[in-house]
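In what follows, a single structure is set out as structure tokens and then discussed.
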Amino acid sequence: MSSQLEFIRNATLVLNYAGKRILMDPMFAKKGEYPGFPGTVNSEVRNPLVEMPVKPESLFDVDAVLVSHLHTDHWDPVAKQILPKNLKILVQNEDDAKIVCSQGFTNVEALPEKADFEGLKFTKTHCQHGNDMAYSVPEMVEFLGKSSGFYFTTEGEKSVYFLGDTIWIEEVENNLKSWIPDVVVVNAGHAQMEDERFGAIIMGKEDLERIHELLPTATIIAIHMEALNHCILSRRELRRFAEEKGFSEKLIIPKDGEVIDF
């Protein structure tokens, strides 16, 4: 069977997989609607940096909304306001479920590690949204919080691993080695904190090279780029790097609004 990823903007996308249509990490705001993230590089720049390529209402016809975590660039005020309140919302834990329920949504589910949504089975994975130094500082722990990735596998479909908002950690590496996914979707904007001790809070180009070295036959899809003030890796820079390192043929860097079949 053929699956499809409809990339929208930043981390927002629609996954058509195993007969289900899943909206992931909706951020629906117009260009410049929010201030830049405090404490990050280029915080004077307003988010998002670009407009939505489609009308948000065109994305409501889905079986569920899957939210990796509740940061504004993955679950924003506009999405909270305009998404139908009876839509199925799948979140990473009970804490997030309580918050989303308090926002008026009536069909919210906190996901276990092994999830089964109407026959669509997938695994919730751990992310680390910053380095160890960042998670030793209480205010940074509150800012970065918890986030999750998701691994989808179904007989007759290619397996897909959404790494989520994470840096390179042992668990991610072990997952890649164990599962050997056919498709790896990477939040690859290399978002940076202003304090250099904390560095990047999501993956960058060298991490994509490491993924390719581990899984040379896998297709890598790089998203979460050129949409937020603190994401410093551009599509052009990543493409040039991949060409230099010899993995450009296994890398897809979708444009906003692009549809990818796999």
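FYI, it's all coordinate maths here, none of it is from the lab. Computed from a predicted structure; not experimentally measured. Note: ideal-geometry Cβ built from the backbone for every residue, glycine included; neighbour counts use all protein chains shown.
Here Asp95, Asp256 are placed in order of increasing Cβ neighbour count within 10 Å, fewest first, which gives Asp95, Asp256.
Compute the relative contact order of the chain as a whole-number percentage, counting only Cα pairs closer than 8 Å that sit 6 or more residues apart in sequence. Walk me through the intermediate numbers first.
On the way: 591 pairs, mean separation 53.7, N = 262.
This gives 20 percent for the chain.
Extension gain for Ser2-Glu244 works out to 84.0 nm (0.36 nm per residue, less the C-alpha to C-alpha distance). The percentage of C-alpha pairs in region 136-193 whose separation is greater than 17 Å is 47%.
Computed from point charges on the beta carbon alone (+1 for Lys and Arg, -1 for Asp and Glu), the dipole magnitude for the chain about its Cα centre is near 540 Debye. Bridges between two residues of region 41-126, per DSSP, are antiparallel at a rate of about 40%.
When each of the peptides 184-191, 59-66 is scored by how many other beta carbons lie within 10 Å of its residues on average, the order from highest to lowest is 184-191, 59-66.
Return the percentage of antiparallel bridges among DSSP beta bridges fully within the chain, rounded to the nearest 5 %. Could the numbers behind the result be given before it?
Values: 29 of 48 bridges.
The antiparallel proportion sits near 60 percent.
Counting only DSSP beta bridges with both residues in region 171-262, tell me the antiparallel percent, nearest 5. Percentage antiparallel, nearest 5: 20. Dipole orientation for region 17-129: of the candidates Gly32, His129, Asn93, Gly32 has the Cα lying most toward the positive pole (charges on Cβ; Lys, Arg +1; Asp, Glu -1). Here the sum of -39500 (n - 2.57) over DSSP H runs of 4 or more residues, divided by the residues of the chain, equals -5500 deg cm²/dmol at 222 nm, to the nearest 500.
Peptides 84-93, 5-14 ordered by packing proxy, namely the average of other Cβ atoms within 10 Å per residue, highest first: 5-14, 84-93.
Distance between the pseudo-spin-label points of His126 and Leu214 (7 Å out from Cα toward the beta carbon): 1.4 nm.
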